[in-house]
Structure formats: structure tokens, C-alpha cells
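The values are calculated or read from the model by the stated rules, or taken from the named source; none is laboratory data. Since the structure is predicted, the reported quantities are computational estimates derived from the model, not experimental observations. Quick reminder, even Gly has a Cβ in these numbers, built from the backbone with ideal geometry, and neighbours come from all protein chains shown.
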Amino acid sequence: MTFANPLYFILLALLVPYIVWYVLRWRRSHPVLQVSSTYAFQGVRRSWKEYLVHAPFVLRLTCMTLAIIALARPQTTNNWKQTDVEGIDIMLCMDVSTSMLAEDLRPNRVKAAREVAVEFVSSRPNDNIGLTLFAGEAFTQCPMTVDHAVLINMLQGMQCDMTAKGMIEDGTAIGMGLASAVARLKDSKAKSKVVILLTDGSNNRGDISPLTAADIAKSFGIRVYTIGVGTNGLARYPMPVAGGIQYIQVPVEIDTKTLESIASKTNGEFYRAKDTKSLHEVYQEIDKLEKTKLNVKKFSKRYEAFMPFAVFAVLALLLELLLRFTVLKRIP
């Protein structure tokens, strides 16, 4: 803890003469009765008020001390911290086209992919991880970061309604998504640079073909792990109709050949995830990658912490006044 105005602590020195003044004043003003013998008073018990006679003074000292501390403005530490950790650089490249709403994975493809990705990010605190989303277009939702709380928050907000809102075009631009992720990794100094590409369809949009994007990834030493999400045959899909939702069966069309070629070109692996368990196994495979040292710079923000001291100072003052004018009230 640091203090914004530490000079206020000089005021604590004023408490010393105040204590001396109180002690001398108490000795002079304390009534004294001289008697020849105290034998008659041996059985008299001391009142509980006598034990509290100095309580108002102690409470006032406490109030003054806490008030001075509050004036000094205590604050939590605000600094940068650099640490060396073992980790790899990863870009998650996630398909958010409307076909990801199919419910052959529970509760649906996009939610299953989101939940498993969140678990994966949470289990790798030292990795530099980012997020790219794509449908008919691609964009970086979160640059690579070790602040996984921010990344997880963005993952949890990942939806397939961006096309319905007109934010991006619907479709599946695998090449554009991969190229966008590669652009974030190309300047990385890490030994292991990985893209985890997850999609449930085949490329039908974009100006860059998936294999061209794979060649670009290979030129920068980036491995691509491709995941084809969806069961074989037909999948249950929610179709919006007037007044509600109608479920229909749609064919599962995954371009496994292209996904296998992307993985092969970049020394990665291709996986077919037919259920949530398969997705878990895919992400567990990433744990086998080599790791490299990363220099992480963390920033801790400073917050004002004077409020508890100010509150307790007021409470001490109120308690002193309560005792002084009630149970410990003195008549001159």
C-alpha cells in the first residue's frame, strides 16, 4: 500500500503532547479523599464505569489517527511487473456463421465450441492467446494477450447473430479467417506459433483461398490445427419462421479434404469433432506442443483506499460522544 500525501503523517506527532496534556490534567482534576484507614472500603466492588473512564480519550485518539491516515490517501499499489514464463503463442480462429447454430453438438455447435475454448484458455495461464472470428468476412476480436480474463469475456460473448445484425456478411471464409490469424502471429518471437482453426463448412467466401492462407502460415513457421465440427449425415437446425422457430434437418457439409491439406502443409493436425468430447481431446493435444519463454509485462491499477479509515474514524467519534454524554457523563 502506498500513500499519495504522506506528509500528513507529521500530524501524528501532535498526538504526543495531547496524550501528555491528558495525563497531567487527569492527575490534577482527579478528586482525592484522605482517610485514616481504608479497611471499611475493602468489600466495595469497583463499578464497571471505572473501567471505561478512559474509553472516550482512547476513542478520540483512534479517531484522530484514522483521520490522519485517511488524509494521507492510502492507495493500492500501481506498477508494472515483468516476469518470464513458459508458454506458446496461439490464435483461436472460430467460425461464427449461422450454420454453427446446428444442434448436433449440445446445446449447439457455437456454444459447445465456446465452452471448450474457455476451458482451454483457463487451463493455460502462461500462453499468449488471441481470438479471430470469421463468417463471410474475418476480423480479430481479441489480439494475443496473457490477460485471459478479457479473452474469456469475449469468448463468452461469441454469437452467430453478427450476420443477422448486419455486422459481417454470412458465409464461410476459411481462407480470410486463417489469413487474419496468421497476420497476428507472423511477427511473434515464440518458438511455437499455433492457429486452432474451427469450422463446420467449406470455403465459399473471401478473396484468399484456404490453401493460399496455409502457404502463408507455413512461410512464417505457423502450425495450423484444423477442426471440422459436426456429425455425419444430417444435423438439426433451428429455422426462424413467422411467430417462432421451426427445426429442420440440414446436411453436414465439411470440406475435410481442404482442412486436411491446411494441417498437412503447416505440420499441424486435422481433427473431426462429432461431439463435445472430441473437442476436449483436440484441445488436450495442444498441451504436447513445445514451450518457449515469454517476457510478460503486467500492469496493476491503483485504487483509493481511504474510505475504510474515514468510516471507522467517524464511528469512533460517534461512539466517544455516545459514551461521554450518556453512561460516562460527569457533573462538574
Problem set entry | Residue, nearest to the chain's Cα centre (by Cα), within the stretch 25-69, restricted to residues that are surrounded by fewer than 10 Cβ atoms within 10 Å (Cβ to Cβ) and at pLDDT 75 or above | Arg27
Problem set entry | Among residues of the stretch 184-203, those that are touching a residue at least 40 places away in the same chain (Cβ under 8 Å) and over 26 Å from the mean Cα position of the chain (by Cα), counted | 6
For this session: Determine, yes or no, whether Thr226 is out of contact with any Lys or Arg (no Cβ under 8 Å at 6 or more places or on another chain), among the β-branched types (Val, Ile, Thr) and without any contact (Cβ under 8 Å) to a residue 60 or more places away in the chain.
Result: yes
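Inside the stretch 70-175, counting only strands (runs of 3 or more DSSP E) that do not spill past its ends, which hold 3 or more residues that are charged (D, E, K, R) and surrounded by fewer than 19 Cβ atoms within 10 Å (Cβ to Cβ)? I'd like the intermediate steps shown before the answer.
Details: elements: 79-87, 89-95, 128-134, 138-145.
Fully inside the stretch 70-175 and qualifying: 79-87.
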For this session: Only residues in the stretch 273-285 that are of a type in the set (Asp, Glu) count as the first member; pair them with residues that are surrounded by fewer than 14 Cβ atoms within 10 Å (Cβ to Cβ), Cβ under 9 angstrom, at least 6 apart or cross-chain, and list the lot.
Result: Asp275/Arg106
For this session: Could you please find all residues in the stretch 1-18 being more than 39 Å from the chain's Cα centre (by Cα) and of a type in the set (Phe, Trp, Tyr)?
Result: Tyr18
Problem set entry | Flag if Thr292 is modelled with pLDDT of 70 or more and farther than 30 Å from Pro56 by Cβ | no
For this session: Inspect the stretch 167-175 for any residue being at pLDDT 90 or above and among the hydrophobic types (A, V, I, L, M, F, W, C) and give the result as yes or no.
Result: yes
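Do we have any residue at all in the stretch 301-320 that's farther than 30 Å from Ala273 by Cβ, modelled with pLDDT under 70 and under 24 Å from the mean Cα position of the chain (by Cα)?
Of the residues in the stretch 301-320, the ones farther than 30 Å from Ala273 by Cβ are 301-320.
Next, from what is left, pick out any that are modelled with pLDDT under 70: 301.
Now narrow it down to the ones that are under 24 Å from the mean Cα position of the chain (by Cα): 301.
Looking for residues that are farther than 30 Å from Ala273 by Cβ, modelled with pLDDT under 70 and under 24 Å from the mean Cα position of the chain (by Cα), one finds at least one in the stretch 301-320, hence yes.
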